[in-house]
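One structure is given below, encoded as structure tokens.
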Amino acid sequence: MTSLQDAITIVKELPRRSLPVFPLPSLRESADTWAGTRRKTIKMRVRWLRFAIMLCGTTTVAAGLAVDVKTLAAAVDAHYNHLRSLEAEFTEVYRGSGMERTETGTLWLKKPGKMRWEYRSPRAKLFVSDGKDAWFYVPDDRQARKTSAKKLEDIRSPLAFLLGKTKLEKELQGLSLASDKEPLQPGNIVLRGVPQGLSDRISEILMEVTPERQIARIVIQEADGASTEYRFQEMKEDAPMKDAEFQFKVPAGTETVEGGLGP
């Protein structure tokens, strides 16, 4: 890759490499003639400098586009496949039907298939799964909804990437760099793809990956134009967790509803 410093060095050496050497003016040469010659030399050097800088920038951009998506996806898979658990602060942003809703809380994940989402703001909610059953509970509503974890994976399959259960290249059709999308943090890379079997409901998924191969953000773009964005901060990998944290006991006086689950 040509660096900017390399480009400047090349330009500095250009008079010796390719530019004509101008002799000192003879007594017959006028001052104006010599000044004109110097101006031409300077202009030529400037043109070469601009060309070298352009070459440097072009080479850098080409290198960025040459990121091997397959290698990157495999590195992300390997990172999460080796984790046993993950704790993170999350921000969930829903945009659709002319509205925007932002919620925050803490997420706990544990293999195999255990999830616990505690929403704190603006309203307390709990979404928890022990890998077999999944529950969504809102204390203010005094209602708990239940569904099987298998059906839940179909609904929220993009978040399965955080459990290290899937392969990005296999699960996301047309996996590629989303070069038109700005990452939240400089140095991160944004990927896009369409989840297998959900193309009728989800038009694309954007996934922001850090240099450490962590997933910092997932954006689920639905076919109807709505989108749900998950941002993850303060990630703690392989944090100790008890299985009891992923089990739900229906509080007294709470109505239980089967199916229709989703925060």
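The values are calculated or read from the model by the stated rules, or taken from the named source; none is laboratory data. Please read all numbers here as calculations on a predicted model, not as lab measurements. Cβ sites come from the backbone with ideal geometry, for glycine too, and all protein chains shown count toward neighbours. In case anyone asks, the SASA skips ligands and DNA or RNA and just uses the protein heavy atoms, side chains included. Shrake-Rupley method; radii C 1.70, N 1.55, O 1.52, S 1.80 Å.
What to note about this one:
- Complete set of residues in segment 96-115 that are among the charged types (D, E, K, R), in contact with a Phe, Trp or Tyr (Cβ under 8 Å, 6 or more places away or on another chain) and at pLDDT below 95: LYS110, LYS114
- Qualifying position, being more than 10 Å from the chain's Cα centre (by Cα), within 25 Å of ARG116 (Cβ to Cβ) and buried (at least 18 other Cβ atoms within 10 Å of the Cβ), among GLU222, GLU204, GLU171, GLU212: GLU171
- Scanning segment 236-249 turns up no residue that is under 24 Å from ARG101 (Cβ atoms), out of contact with any Phe, Trp or Tyr (no Cβ under 8 Å at 6 or more places or on another chain) and either assigned to a strand (DSSP E or B) or open to solvent by 40 Å² or more (accessible area, probe 1.4 Å) (or both).
- Cβ pairs under 6 Å, 6+ apart, first in segment 165-193 and under 10 Å from GLU208 (Cα atoms), second hydroxyl-bearing (Ser, Thr, Tyr) and surrounded by 14 or more Cβ atoms within 10 Å (Cβ to Cβ): ASN188/THR210
- Selection status of SER129, closer than 24 Å to GLY197 by Cβ, small (Gly, Ala, Ser) and surrounded by fewer than 17 Cβ atoms within 10 Å (Cβ to Cβ): no
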